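A short write-up of the structure that comes next.
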Amino acid sequence: MHGYLGRILRVDLGRGAISDEALNEDYARRYVGGSGLAARYLYDVLDAGTDPLGPDNPLLFMTGPLVGTSMTSAGRYSVCARSPLTRIWGEANSGGFFGPELRYAGYDGVWISGAARSPVWLSIVDGQAELHDAGDVWGSDIYAAQDRLRHSLGEAKARVACIGLAGERQVKLAGIANDHGRFAARTGLGAVMGSKNLKAIAVRGSGKVPLHAPDEFKALTNQALALLKGDTPSQSLREFGTAGYLNLAHMLSDLPLRYFQLGEYAPADALSGVDMAEHFLRRNTACHKCGIACGRETRAPAYNDDRVDGPEYETLGALGSLLMIFDLQAVIHASHLCNLYGMDVISLGGTLALACELFERGLLSAADTGGLEIRYGDSEMVFRLIELTARREGIGAVLAEGNAALAERAGVPELSATVNRLEVPMHDPRAYLGMAVTYALSPRGACHMQGDMYELDLGRDNGEDIGLVPGKRHENSFEKGRTAARLQAWRNLYNALTLCEFENPPPPLLAAALNAATGWTLAAQDLIPIGKRIVDVKRLLNMKLGLRRADDRLPGLLLKPLAEGGAAGQVPDMPTLLAGAYAEFGWDPDTGRPTAESAI
């Protein structure tokens, strides 16, 4: 198969058995790769009785046909399983170099089943896979684990995907780290890896991705790279990282403050990505074939952090403004602690902010927290809670279950800032009403990467060929719902190819590159229907797992108008927006079920 290696590695940890399996060509042609292909595979084996932390919940690492090629930003991979946090479809993706290296080692993906009796790690080197005892690295942080396993393998350039202590302790906010501090963070899939006693996967290869028309593909990828040089948003990302958006986000009320309850607060501008670049940035870091290098290596002298990863915009919101902490160095340090333990900063920040709110309302007391007073603005308290959560100690054992579980425990489920139990990211749907559709219909729960309306409605204008045209951010309309659905389909295709969303080659160029890689004959107009098919299969799988039409909603907190700021008085009209989205997807308006025969 051009564009594919044609092999999936099957690893049964319970039996210690390893085998190769031919890639299902029909699935690949219809669902492409990444989370789309994983969803089609897992649709056949998951059901409502599957225990997310049991041995029967498969964990899939999946790449796509462009991963490891010269296409700019094609360095990502997806991890998929039933989520222990949400109990529906779980997917996370990460950049860096692990995905390309897995392809060079000879595989399009890895299917992990069962659970080992004791901790193990998996090596894959040029088509040869082997399980190893992980007793000496179990308990180590994500940085130490990567260093030790590269040394054990004798491959200084091996790429390692691993869990930290949070994953080992099956914290439902745990992610999977690779390439120093890159993370497949969301939906708690690090806990699934920990439940299987799998500490890490280390890969190294010397192979290449077979392309249908290599010369044409190279010319197209050079064209995509050239477009970045004159692209202002890309250059801003290079200079300031995603944190460069923070001040504009604050002005538009897109930056959540005090657990989504304030529209503006002047001290928030102290978290500026410009200030971070000027005072705390050591260098930029880049993923495979990236022309932007938005990654940050920073320092926080106040906490003796000399060279640490991040923080990105989401981290500045989740561990900063959401908690009313406006000290950049404190947020850098909190981010580093999350990385060491291997936890999703969005879910953790959302859970800690709820704890602050509950404590302030008298619904959580020092008697419940082991004497800790959980207050907004207390960075030292946040550092302590990060550690307790990762270790599942004291109040940390409660926080380890996530925001929705904490709200239910306190008897106020209406205070949960989640969609389908996944914590809401740092983009407020009252600032961009189309994001209400993105969150409500995202296959994995609230997710800003399932449809970036905050980018489209700021004016990104290279998607006209596929019906993605910038509009008014405060438009409550049927058509806005349709646009948000198309963008969700587009980003689900991205997560199947799998590409970074920061580099956006025009759809005709992307279709031509995919054809040159695979030998397919797609036009730009064919791409959105493929994305919709991927959304449909995830939707149908979620319905097998218990999702219903009534779950397509936002939490009450985000349906209350803000009193101040750039989105004051704005709330999404959910019935109108969802009606447009259902119509675009072709879903039954009463049941929310896909009706297209091509969905499966």
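The values are calculated or read from the model by the stated rules, or taken from the named source; none is laboratory data. Bear in mind that the values here come from a model prediction, so they are computed numbers and not experimental data. Cβ: placed from backbone, ideal geometry, glycine included. Neighbour counts: every protein chain shown.
How many residues does the stretch 127-165 hold that are out of contact with any helix residue (DSSP H, G or I) (no Cβ under 9 Å at 6 or more places or on another chain), within 13 Å of Lys199 (Cβ to Cβ) and in a strand (DSSP E or B)? Residues meeting the conditions: 2.
Kindly indicate whether any position in the stretch 38-47 is touching a strand residue (DSSP E or B) at 6+ places or on another chain (Cβ under 8 Å), at pLDDT 95 or above and β-branched (Val, Ile, Thr). No: the stretch 38-47 contains no residue that is touching a strand residue (DSSP E or B) at 6+ places or on another chain (Cβ under 8 Å), at pLDDT 95 or above and β-branched (Val, Ile, Thr).
When we screen Gly139, Gly90 for residues that are more than 28 Å from Asp44 (Cα to Cα) and of a type outside the set (A, V, I, L, M), the only hit is Gly139. Note on the stretch 485-511: residues that are more than 18 Å from Gly95 (Cα to Cα) and touching a strand residue (DSSP E or B) at 6+ places or on another chain (Cβ under 7 Å) total 4.
Inside the stretch 47-70, residues that are crowded, with 23+ Cβ neighbours inside 10 Å and more than 20 Å from Ala174 (Cα to Cα) make up a count of 7. Of the candidates Ile374, Ile346, the single residue that is within 22 Å of Val171 (Cα to Cα) and over 25 Å from the mean Cα position of the chain (by Cα) is Ile374. Residue pairs whose Cβ atoms lie under 6 Å apart, separated by 6 or more positions or on different chains, with the first residue in the stretch 192-208 and within 14 Å of Glu168 (Cα to Cα) and free of Cβ contacts under 8 Å to residues at least 40 places away in the same chain and the second of a type outside the set (Asp, Glu) and in a loop (DSSP other than H, G, I, E, B), are Gly194/Ile163; Gly194/Gln170. Annotation: of all residues in the stretch 542-566 being out of contact with any helix residue (DSSP H, G or I) (no Cβ under 9 Å at 6 or more places or on another chain) and part of a loop (DSSP other than H, G, I, E, B), the one that is nearest to Trp587 (Cα to Cα) is Arg548.
Of all residues in the stretch 294-315, those that are under 25 Å from Glu423 (Cβ atoms) and not assigned by TED's automatic domain parsing to the domain that holds Cys500 have Cβ atoms under 9 Å from Cβ atoms of residues that are assigned to a loop (DSSP other than H, G, I, E, B) and of a type in the set (Phe, Trp, Tyr), 6 or more apart or on another chain, in Cys294/Phe502; Arg296/Phe280; Thr298/Phe280; Ala300/Phe280. Can you say whether Glu101 is crowded, with 22+ Cβ neighbours inside 10 Å, in contact (Cβ under 8 Å) with a residue 60 or more places away in the chain and closer than 24 Å to Val209 by Cβ, as far as the supplied structure shows? Taking the combined requirement at face value, the residue satisfies it. Restricting Trp520, Trp587 to residues that are more than 21 Å from Met71 (Cβ to Cβ), in contact (Cβ under 8 Å) with a residue 40 or more places away in the chain and aromatic (Phe, Trp, Tyr) narrows the list to Trp587.
If you go through the stretch 56-108 and keep only what is more than 16 Å from the chain's Cα centre (by Cα), closer than 25 Å to Leu149 by Cβ and among the β-branched types (Val, Ile, Thr), you end up with just Val67. If you go through the stretch 24-47 and pick out every residue that is over 25 Å from the mean Cα position of the chain (by Cα) and not polar (S, T, N, Q), you end up with 2.
None of Ser73, Ser78, Ser35 is buried (at least 24 other Cβ atoms within 10 Å of the Cβ), of a type in the set (Ser, Thr, Tyr) and part of a strand (DSSP E or B) except Ser78. Checked against (1) in contact with a Cys (Cβ under 8 Å, 6 or more places away or on another chain); (2) more than 23 Å from Cys356 (Cβ to Cβ), Arg283 passes all but a single condition, namely (1). Looking across the stretch 530-546, the residues that are more than 20 Å from the chain's Cα centre (by Cα) and more than 12 Å from Leu493 (Cα to Cα) come down to Leu540, Met543, Lys544, Leu545, Gly546.
For the stretch 437-468, enumerate the residues that are over 30 Å from Arg87 (Cα atoms), of a type in the set (D, E, K, R) and not in a helix (DSSP H, G or I). The answer is Asp457, Arg460, Asp461. If the condition is being in a helix (DSSP H, G or I) and within 19 Å of Tyr77 (Cβ to Cβ), then the stretch 469-509 contributes Arg491, Asn492, Leu493, Tyr494, Asn495, Ala496, Leu497. The set of residues from the stretch 465-482 being buried (at least 24 other Cβ atoms within 10 Å of the Cβ) and closer than 16 Å to Trp587 by Cβ comprises just one member, Gly481. Does Leu53 satisfy the condition of being of a type in the set (A, V, I, L, M) and in contact with a Leu (Cβ under 9 Å, 6 or more places away or on another chain)? Considered against the rule, which asks whether it is of a type in the set (A, V, I, L, M) and in contact with a Leu (Cβ under 9 Å, 6 or more places away or on another chain), Leu53 comes out as no. Taken as a whole, the condition of being crowded, with 24+ Cβ neighbours inside 10 Å, closer than 21 Å to Pro256 by Cβ, touching a residue at least 40 places away in the same chain (Cβ under 8 Å) and not assigned by TED's automatic domain parsing to the domain that holds Glu357 does not apply to Met449. Could you tell me whether the stretch 298-318 includes any residue that is at pLDDT below 95 and either closer than 27 Å to Glu401 by Cβ or among the aliphatic types (A, V, I, L, M) (or both)? Checked against the condition, which is being at pLDDT below 95 and either closer than 27 Å to Glu401 by Cβ or among the aliphatic types (A, V, I, L, M) (or both), the stretch 298-318 yields at least one hit.
Yes/no matrix, rows are residues, columns are (1) in contact with a strand residue (DSSP E or B) (Cβ under 9 Å, 6 or more places away or on another chain); (2) aliphatic (A, V, I, L, M); (3) in a helix (DSSP H, G or I):
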| site | (1), (2), (3) |
| --- | --- |
| Asp51 | yes, no, no |
| Asp56 | yes, no, no |
| Gly68 | no, no, no |
| Leu85 | yes, yes, no |
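So for the stretch 187-199 (the condition being hydroxyl-bearing (Ser, Thr, Tyr), outside any strand (DSSP E or B) and either buried (at least 24 other Cβ atoms within 10 Å of the Cβ) or modelled with pLDDT under 95 (or both)), does at least one residue qualify? Yes, some residue in the stretch 187-199 is hydroxyl-bearing (Ser, Thr, Tyr), outside any strand (DSSP E or B) and either buried (at least 24 other Cβ atoms within 10 Å of the Cβ) or modelled with pLDDT under 95 (or both). Taking the stretch 210-269 as the range and being hydrophobic (A, V, I, L, M, F, W, C) and under 21 Å from Ala511 (Cα atoms) as the test, the residues that pass are Leu211, Ala213, Phe217, Ala219, Leu220, Ala224, Leu225, Ala226, Leu227, Leu228. Taking the stretch 213-224 on its own, how many of its residues are surrounded by fewer than 18 Cβ atoms within 10 Å (Cβ to Cβ) and part of a helix (DSSP H, G or I)? Number satisfying all stated conditions: 7.
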